[in-house]
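Below is one structure; the comments refer to it alone.
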Amino acid sequence: MTKLGKSLVVFLAFASVAFMGFAAVTSLGSTNWKTFLSEKRVDRGTMTYAEKVKAQEDELRQLREEFQAAEAALNDAKATREVDTAAILAREAALVAAVEDLNAKVIAATKEATVTGNKVLEIKNQTSARHEEVVRMQNQLKELRSQIEIAREEDRRLADRVIQAKELLKSTQRRNERLKNN
């Protein structure tokens, strides 16, 4: 039962925070109708027809002024259109020339990068071949060292056999001497 109570407390806390957020957004983001209606004085019904007509005439005058300003701007735009068109065409020609120049530079840089890449591949292949040669030579060196060690062992063994043979010869000579003396 305590788990259910705890979960309900958490739910109510979350719901109250959500409602508080909704209320804050609604009050801050919406139109204050009381202020809006008091400005128009419609909520009291005190706006007269003369005031309504005057407001509409002011709005009409303002719209006419905006229309005249827009018409003057249109006439200015028509007058400068040919000059602007010529300037735009000149700018376009300059940009096309710049793009062509950049394309030529890109092509040259691509060719240079290709040449450099080919050189890098050659050097990489040479390095790989040299590495293989170094590994082969290291293996040969190890093999030669092992052969030298084997030869040294064989030399020691043969030296021991020579010493044994000399001792055997000496022993045989002494025996021969003893036999001759006897």
When the chain is treated as a Gaussian network with springs between alpha carbons less than 10 Å apart, the largest mean-square fluctuation among Arg157, Arg64, Arg136 is found at Arg157
Per GNM of the chain with C-alpha springs under 10 angstrom, the most fluctuating residue out of Ile150, Ile107, Ile88 is Ile150
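Under 12 Å from the Cβ of Gln164, count the other residues' Cβ atoms, weight Lys and Arg +1, Asp and Glu -1, and hand me the total. Mind dumping the intermediate values first?
On the way: positive: Arg157, Arg161, Lys166, Lys170; negative: Asp160, Glu167.
Neighbour charge sum, excluding Gln164 itself: +2.
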Nearest 10, in degrees from 0 to 90: the angle of helix 49-181 to the longest Cα principal axis of the chain is 10
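Suppose all protein chains stay in the model; what accessible area per residue would a 1.4 Å probe give for the chain, in Å²? Provide the component values of the computation, followed by the final result.
On the way: 17130 Å² over 182 residues.
Per residue, the chain has an accessible area of 94 Å².
What is the percent carbon and sulfur in the accessible area of segment 77-182, measuring with a 1.4 Å probe over the protein chains and ignoring ligands? Walk me through the intermediate numbers first.
On the way: 5760 of 9940 Å².
Carbon-and-sulfur percentage of accessible area, whole number: 58.
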Length gained if Ala104 through Glu154 is fully extended, taking 0.36 nm per residue and subtracting the Cα-Cα distance, is 10.6 nm
Mean-square fluctuation maximum in Gaussian network of the chain, Cα pairs under 10 Å, restricted to Lys54, Lys170, Lys78, hits Lys170
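The values are calculated or read from the model by the stated rules, or taken from the named source; none is laboratory data. Everything numeric here is computed off the predicted structure, so don't read it as measured data. Note that each Cβ is placed from the backbone with ideal geometry, even for glycine, and that neighbours are counted across all protein chains shown. The protein model used for the area step is the full one, side chains on, heavy atoms only, and it has no ligands, DNA or RNA in it. Shrake-Rupley method; radii C 1.70, N 1.55, O 1.52, S 1.80 Å.
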